[in-house]
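Let me begin by presenting the structure, written as structure tokens, before commenting on it.
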Amino acid sequence: MQHLYVHVPFCVRRCSYCDFSIAVRKRIPARDYVDTVLTELRSSHATIVDVQTVYLGGGTPSLLPSEAIQELLRELSPLFRVPRSDFQVEVTLEANPEDVTPDNAHAWHAAGINRVSLGAQSFDDTVLQWMHRSHDAARIGAAVHALRGAGIENISLDLIFALPDELHRDWERDLDLALALRPSHLSLYGLTIEPRTPLDRWISRGATHAPDEERYAEEYLFAHRRLTADGFVFYEVSNASLPGFRSRHNSAYWSGKPYVGLGPAAHSFDGKTRRWNLRAWEAYRRAIAEGRSAVESEETLTEEQQALESVYLGLRTVEGVAVAALRRPSPPPHLAAQGWVYEEAGSLKCTPEGWLRLDSIVNDYDRATY
Ligand code: SF4
């Protein structure tokens, strides 16, 4: 079984908080991009068969013309697991709201896209401008309606929380507006200050302030209560879904399954070795055009690293990590005493308060266990 990620690096501008590997372009070199990715696919040493999920992520995959998306999926589909009546390959497209027109939505659906992850981020126009997003709040609702109208029901919304105080962002209002659109899935990310982003520069020169940890914790826990009351399950620290709508692709990452990545900066993992492609679009394109490997580097995890990674990934999820798989079967006592972890049905799990401290919990575990 395989999970396939395709990285589409293009964006029309850089959002204020973003440090992803992107190529800012007014005109998207779609023909060049599709040819390059398909060449990488054909020359890939990985045996890609029995694909169960495909994720077109970015960057902004929805900037590709719909014909390019159709061509990509047409070429990939022979690798898909043969559908059964009870199984459908999950094909996700990351989209920005301004790209979701009724025509595009119909073309994506016809191409095989059955899940869309929409970069909403906020329903406050002032906040969206501050983020350098290229949509306004009204576009988010229009995008959801266009997707539904085209038959794409599995819709996820991304929202960012813990913004600087001076923006006066009303988090409760944003969650209410998101829920009113009846998405099947929500991904919530706390704002982080990444080096060399516009936001990092604004903070360095005192033009804005880094969000505080208290706001982060308050908004995260509020969202947890609010979404749970609406029938959502936080099945991972940052992801909540209605029953039956978990992201199968991302769940594969969190359960340590192998995956293959195509495109610049894409990562692949075979269960032991992780490889990643050249980050910059031009360097990646040149390597493929010259018949060289696009892999920039790789690391093979030691047994200890694999064990620690499985603790980290397991604790991110609602399933937790099997106690039997831990070298030290009971958690360091102070973690349980603080109410950050608990044991249930043979697994160690984080509470929402624990998820706020996931890194330090895993560090404590690392020191205590290995
Ligand atoms: S659209 Fe996404 S990938 Fe592109 S700059 Fe904004 S946050 Fe980064």
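The values are calculated or read from the model by the stated rules, or taken from the named source; none is laboratory data. Being a predicted model, the structure only gives us computed values, none of them experimental. Counting neighbours? That spans all protein chains shown, and the Cβs are built from the backbone with ideal geometry, glycine included. Heads up: the accessible areas ignore ligands, DNA and RNA and are worked out on the full protein's heavy atoms, side chains in. Shrake-Rupley method; radii C 1.70, N 1.55, O 1.52, S 1.80 Å.
Couple of notes before you dig in:
- Percent carbon-and-sulfur accessible area, the chain, ignoring ligands, DNA and RNA, probe 1.4 Å: 50
- Compactness ratio for the stretch 170-219: Cα radius of gyration over 2.2 N^0.38 Å (N = residue count) comes to 1.45.
- Each eigenvalue of the Cα gyration tensor of the stretch 1-47, multiplied by 5 and square-rooted, gives one semi-axis; in descending order these are 25, 15, 7 Å.
- Cross-link partners for residue 26 among the lysines, with Cα-Cα distance under 21 Å and sequence neighbours closer than 8 places in the same chain left out, do not exist in this structure.
- Spin-label model, residue 358 to residue 25: label points 7 Å out along the Cα-to-beta-carbon direction sit 3.2 nm apart.
- Modelled label positions at residue 286 and residue 330, each set 7 Å beyond Cα in the direction of Cβ, lie 5.9 nm from each other.
- Counting 0.36 nm for each residue step from residue 142 to residue 295 and taking away their Cα separation leaves a gain of 51.1 nm.
- Among 102-115, 164-177, 2-15, the order from most to least packed when residues are scored by Cβ within 10 Å on average: 2-15, 102-115, 164-177
- The tail of the calculated P(r) for the stretch 56-138 beyond 16 Å holds 56 percent of all Cα-Cα pairs.
- Modelled FRET efficiency - R0 35 Å, residue 225 with residue 44, Cβ distances, 0.05 increments: 0.20
- Estimated inter-spin distance, residue 218 and residue 32, nm [label 7 Å along Cα→Cβ]: 4.8
- Burial ranking of peptide ranges 252-262, 153-163, 200-210 (average Cβ count within 10 Å, highest at the top): 153-163, 252-262, 200-210
- Summarised as an ellipsoid, the stretch 246-347 has semi-axes of 36, 14, 11 Å, derived from the eigenvalues of the Cα gyration tensor scaled by 5 and square-rooted, with the largest first.
- Each of the peptides 272-283, 59-70, 291-302 was scored by the mean count of other Cβ atoms within 10 Å over its residues; in descending order, highest first, they stand as 59-70, 272-283, 291-302.
- For the stretch 226-313, the per residue solvent-accessible surface stands at 48 Å², with DNA, RNA and ligands left out and a 1.4 Å probe.
- Reported value for the stretch 224-278: 93 Å³ per residue, from the convex hull of its C-alpha atoms.
- Taking every alpha-carbon pair within the chain, the share separated by more than 38 Å comes to 18 percent.
- Two-decimal Rg/Rh across the stretch 75-183, once Rg and the Kirkwood Rh are taken from alpha-carbon atoms: 1.05
- By the Kirkwood approach, averaging reciprocal distances over each pair of separate Cα atoms, the stretch 188-286 gets a hydrodynamic radius of 17.0 Å.
- With helices as the sole contributors, the chain gives -11000 deg cm²/dmol at 222 nm; each DSSP H run of n ≥ 4 counts as -39500 (n - 2.57), and the sum is divided by every residue.
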